[in-house]
1. Using a Förster distance of 35 angstrom, determine the FRET efficiency expected from the C-beta separation of A:Gln39 and B:His91, and round it to 0.05.
2. Can you pull the accessible area of A:Asp377 for me, 1.4 Å probe, Å² to the nearest 10?
3. So how far, in whole Å, is the C-alpha centre of region B:1-66 from the one of region A:238-267?
4. Could you check the spin-label model distance between A:Lys441 and B:Asp109? Points 7 Å from the Cα along Cα→Cβ, value in nm.
5. By how many nm would the segment from B:Ser10 to B:Ala165 grow when fully extended, if each residue of separation counts as 0.36 nm and the alpha-carbon distance is taken off?
6. Quick one: Cα centre-to-centre distance for region A:36-87 and region A:362-430, in angstrom?
7. Just flag the GluC sites (Glu not before Pro) in region A:116-148 sitting in loop per DSSP whose Cβ has no more than 11 other Cβ atoms within 10 Å.
8. Could you pull out every residue, at least 5 positions away or on a different chain, whose amide H is within less than 5 Å of the one on B:Thr126? Hs are placed 1.01 Å off N in the peptide plane, and Pro or chain starts have none.
Amino acid sequence: MRFQPIDQYSAGLKADTRASVYQSTKSTHEKRTKLLFDQFADPDRLRELAGEIKQHAIENLDTYLPQVEARLKANGAQVHWAGTAESACATVLKIMRDRGATKMVKAKTMVSEEIELAHFLEQHGLEALETDLGEFIVQIDDDHPSHIVRPIIHKNRREIATSFEREGLGAYNDDPGTITRRARHFLRHKYLEADVGLTGANFVSAESGRIVLVTNEGNSRFCLAATKCHIVLVGIEKIVPRDCDLSILLNLLGRSGTAQDLTVYTEFISGPKAPTQPDGPEEMHVIFVDNGRTEVLASDCREILRCIRCGACLNVCPVYRQASGHAYRSVYPGPVGAVLSPLLMKDKFPQKADLPKASSLCGACNEVCPVNIPIPDLLLRLRNRAKEENVPSPGTPPMGAWALMASQPTAWKAALAGGKLLDYVPTKLIPVPALQAWADKRALPTWRGGEFRKWLRQRAK
Amino acid sequence: MTDDREAILSRVRGALAPLRERAPLPQYDADMAVLRKMIAGRDLAELLAERMKRVSAHAYTSAAAVAEFLKAGGWTRGYCDPALWPQLAPHFGAGFTVETDFDRKRVDDYAFGITRAAGAVAESGTIVLNDAATSRRLAALAPWVHIAVVERATIFSDLTQAVAALGPDRNVVWVTGPSKTADVEGILIEGVHGPGVQIALIV
Ligand code: SF4
């Protein structure tokens, strides 16, 4: 029997990977919840408020984008626009070529993964080195991240130690402290040699043009202390209206993502370095990337553009915990990815149309989301779209016979009476493969078909 | 690219045109996320020290104590902001090699870096750095130990206040504890790219 692609991927997951993904997402989620509810009387009110702020921002991008552009220019930054992934990559390449730059150090940015920037630059003979520890390991292994905040949640220390040994970063040693120390030593010289530092942006304030960046490792800070040119790659939806809105969002981001009051390094960058400061970029470029976002804005799922990429919905999701990130076959896994990834596919939507279906609609993602995105509703809208576009759905039981039965009163009554048989016949013998697969891990309750009609008849008397 | 600009903005306008109403900007009490109960009635320097400890950073109120801590850790070679060193030098005494110029070719020679902070945030145990106050960005980042000299009067009570006071500096950085990662099996390791030890000297 054929399954949806996401099920096939998740079925191939190693048991110990599944166990470790489960453990670490569960513990982060528990710490997050404890922290928020210990510190705030009503954390849900904060989430709603943050959602309202972001919803306002995306519904007024036509005002805020030109405004932020003007602010950034006034602050001495250069502003670029990229409609597509290709255009974004070409813009970065041109900036580097114009400066005669050959080496880039990169902080973690989801947009750069989305447009596959590192590969593109390498193909053009330029070096683009990831500096976030997890992303660095992903890069040397030619792997893909499997979590928005914890890119190598699917790897264990033995695999990492083997990769380090292979790359000439010292003899095999799987102590996490040693691994980190070796990366520290290797990467700091790379920063100092690099011509360009590339980062993303967690927020961009339309009021001041401040780019807000958060990291725990300090890698983006090192990019901005060592290099002379800073390129910011940012999705057009990252705008917030005012500086004061940042405090609500920053208070939620660290707590939701990693259960910290605040992420270690929070940087507010509004232009090139001060003339009196010896270190840091003299030149700053901000590239606003669309790459499908305006289509999302035009769709009935625009709420997903509020997302601040905290990863909380991944951590709480029972499907993500079982399937891990690669099963989503996209840069964005988990509940946020199940909505965003198919949308960003544009006309190739059918290739990812299985993702919105991989959900029990339990609603946990909505409950933890710091910007209160109604993810289950959006999943339903996307399921609907798949149906309307006649996207094939392998593994879904055929419902034609059911529809026929349910729309004929006599057939329905007969089925209700016959249903009692299910209490005696083992489910394994039911000749519907989809039902067998379903019943393999579940037990049916005692048959109560027809009770409602009986009750209704009695009431009517 | 220029045509991309017009294309994106016109797609944005097109996407928003069918909306009958746009979501309004919510009006809210700016202090909503402030941990008021924790802050109320507290001495900000004390609270800062307490909150820094919670994120495994250290706070001292005397230069001599910092010098002692450094000596005990074997961190005797470092950098100091030239404007600060005259006041600090007497407390450090013999046994320290301190440069007031930071040579980026020898980043690993500096075990510690001492720079001025622009302020601090008591609520979160955060040190605020900016381009105006920091003599060298690298000196506050590359050495294993960073000591930020924080003036008592510049301590904000909470994040909301600190955001309101970001000011005209083009590069403001909030540092909350030492650099850290949990990328390898979720195990917390300090000192990834930035300092493994973060200290505030409150004066
Ligand atoms: S959808 Fe919400 S919970 Fe999920 S990553 Fe985005 S902001 Fe976080």
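The values are calculated or read from the model by the stated rules, or taken from the named source; none is laboratory data. Nothing here was measured: the structure is a model prediction, and the numbers come from that model. Ideal geometry is used to build each Cβ from the backbone, glycine not excepted, and the neighbour counts take in all protein chains shown. Ligands, DNA and RNA are stripped out before the accessible areas are found, and what is left, the full protein with its side chains, is counted by its heavy atoms. Shrake-Rupley method; radii C 1.70, N 1.55, O 1.52, S 1.80 Å.
1. In this case the efficiency is close to 0.40.
2. Only protein atoms counted, so the area is about 80 Å².
3. Comparing the Cα centres of region B:1-66 and region A:238-267, I get a distance of 5 Å.
4. 6.1 nm
5. 52.2 nm
6. If we compute the Cα centre of each part, the gap is 38 Å.
7. none
8. B:Val121
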